[in-house]
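Read the structure below first, then the notes.
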Amino acid sequence: MTDEIVKSETPVSLGSAEEAVSRIYEVGYLIVPTVSEEELPREVTALKDVLEKEKVAIIAEDFPKLRPLAYPIQKRAGGVYQKHMNAYFGWVKFESSPESVLRIDQAFKQSEKVLRYILIKTVREHTLTMGRLRTERRERKEAPKDATPAVPVSETELDKSIEKLIAE
């Protein structure tokens, strides 16, 4: 095997060392449901302050909304494990250096109000897609080709047919 050095054909502008290694990340987080609706903006601001402290550029975000969880998640609070079936889910997409992301990761880990979080490297473009709408498929019952069109039946004829069937 030979080592090859690949040279870039296009010039790369290096304004600063931090811009050269800047990447796009997204953090999705669950805040414990014990936080009240009135306290929620304060908790979100505390999480965003962690990002602002690292001087990240926020690209997009979604304010947390209360969602049911797919399975119960336990979080230790005050020496006791609490099970949660709901949580506030929110996310923030931002641009940052890898060193800053490590510090952001530690801050989210240490937060008592964050139930779970995921920090991923992503792309700048909007990648959120809406799921398909669930529609019921109705099967068409086609009339037999030799069937005659339905003709309205009078009540007296219907009564006679029923009596005839009962008598048999």
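What follows is calculated from the coordinates using simple rules that are stated; it is not laboratory data. In this text the structure is predicted, and so the values were computed from the model without any measurement. In this analysis, Cβ positions are derived from the backbone assuming ideal geometry, glycine residues included, and neighbour counts consider all displayed protein chains.
Worth a mention:
- Among the listed pairs Lys55/Lys93; Lys48/Lys113; Lys75/Lys109, no Cα-Cα separation exceeding 23 Å is found.
- For segment 95-106, 3J(HN,Hα) per residue [Karplus equation, 6.51 cos²θ - 1.76 cosθ + 1.60, θ = phi - 60°, Hz, x = Gly/Pro]: 10, 7, 8, x, 5, 5, 5, 5, 5, 5, 4, 5
- Distance-filtered residues of segment 88-126 - backbone nitrogen under 14 Å, label point 7 angstrom along Phe63 Cα→Cβ: 89-91
- Where labels lie 7 Å past Cα in the beta-carbon direction, separation of Val123 and Arg76 in nm: 4.1
- Counting other Cβ atoms within 10 Å as a rough exposure proxy, the listed residues His126, His84 run His126, His84 from fewest neighbours to most.
- Exposure proxy for Glu61, Glu38: other Cβ atoms within 10 Å of each Cβ, ordered fewest to most, give Glu38, Glu61.
- Cα-projected label distance for Leu165 with Glu52, points at 7 Å along beta-carbon direction, nm: 7.6
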